[in-house]
Amino acid sequence: MIADKPARQVASLTLDKTTFSYGETTLAFDVEFPAGKISAVMGPSGSGKSTLLNLVAGFEIPSSGRILINGKDFTATSPAERPVSMVFQENNLFAHLDVFRNVGLGISPSLTLDSGGHAAIADALARTGLAGKEKRLPRELSGGERQRVALARALVRDRPVLLLDEPFASLGPALREDMLELVAAMQIERKMTTLFVTHQPEDARRLASHVVFLENGTVAAAGEAADFFSADGPEAFRRYAGSAGSTPLASNAH
């Protein structure tokens, strides 16, 4: 279990009239994510979920509009200079580096680490249940352990914005449950502004306090998760979740 620790910074995040074009297709995002909360980003395949995260991370540059973090314009800032960490579905680990060094990349791309860096890595590994596995290579780990390494790297980066692009999609139900618990614990500790892409309504209902639903490359609905999972939730979302015109989504809403 991750112990309580004061948050370094709580960051607001806004995509201000942001557009991005793929050939003749234009995506448009105008949305604000609540500071220090977990927001589920949901929608059909091709609706723009990964593109939205890539715009925030700086891997894509918008055609127009701004990316604002705590009111500061990061639209033209390189990914390395943004106060953002990202965890991918494929965990993005380096096969030739052991667990300790894969996590250490979050502090120093050159792996130039002082005693404070070594201590931060050891702490992150302990918090993610990886203590004792520092010398293992990624191929020697389970899928859940590899994702824990990616989350440990996000912990040592200690950025106020965390992006999770379906990081648990390939895991079985039990492992996914463990990872959801870990993300929730990280959120309690750090109060990161977290965007969590998922196709699983149950994961969103359990983890998120806010939902942004994308459809046809734009924000179709956004608001409190409790409202989305109520009997009066947005029709587009209910249709996507397979519950339009019925009330199953509301049965467990908090």
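Annotations
- Radius, Kirkwood style, for the chain when every pair of distinct Cα atoms is counted (Å): 18.8 Å
- Ordering of 38-49, 167-178 by burial proxy (mean other Cβ atoms within 10 Å per residue, highest first): 38-49, 167-178
- Residues THR77, THR198, THR25 ordered from highest to lowest accessible area at a 1.4 Å probe: THR25, THR77, THR198.
- The chain, dipole about Cα centre (Lys/Arg Cβ +1, Asp/Glu Cβ -1), debye to the nearest 20: 560 debye
- Percent carbon-and-sulfur accessible area, the chain, ignoring ligands, DNA and RNA, probe 1.4 Å: 50 percent
- Across all directions, the average projected area of the convex hull around the alpha carbons of the stretch 25-123 is 8.5 nm².
- Highest average first, the peptides 118-126, 209-217, 67-75 ordered by how many other beta carbon atoms sit within 10 Å of their residues are 209-217, 118-126, 67-75.
- Probe 1.4 Å, protein heavy atoms only - accessible area per residue of the stretch 21-74 in square angstrom: 43 Å²
- Take every DSSP beta bridge whose two residues both sit in the chain; close to 55 percent of them are antiparallel.
- Heavy atoms of the protein chains alone define the surface here; on that basis the stretch 110-254 has 43 Å² accessible area per residue at 1.4 Å probe size.
- Here's how it looks for GLU215: its modeled amide H is under 5 Å from those of ALA220, which are all 5 or more places away or on a different chain.
- Which listed pairs, of LYS72/LYS191; LYS17/LYS49; LYS49/LYS72; LYS17/LYS191, have C-alpha distances above 21 Å, in listed order: LYS49/LYS72; LYS17/LYS191
The values are calculated or read from the model by the stated rules, or taken from the named source; none is laboratory data. Worth saying up front: this structure is predicted, and the values here are computed from it rather than measured. Virtual Cβ from ideal backbone geometry, glycine too; neighbours counted across all protein chains shown. Calculation scope for accessible area: heavy atoms of the full protein, side chains included, ligands and nucleic acids excluded. Shrake-Rupley method; radii C 1.70, N 1.55, O 1.52, S 1.80 Å.
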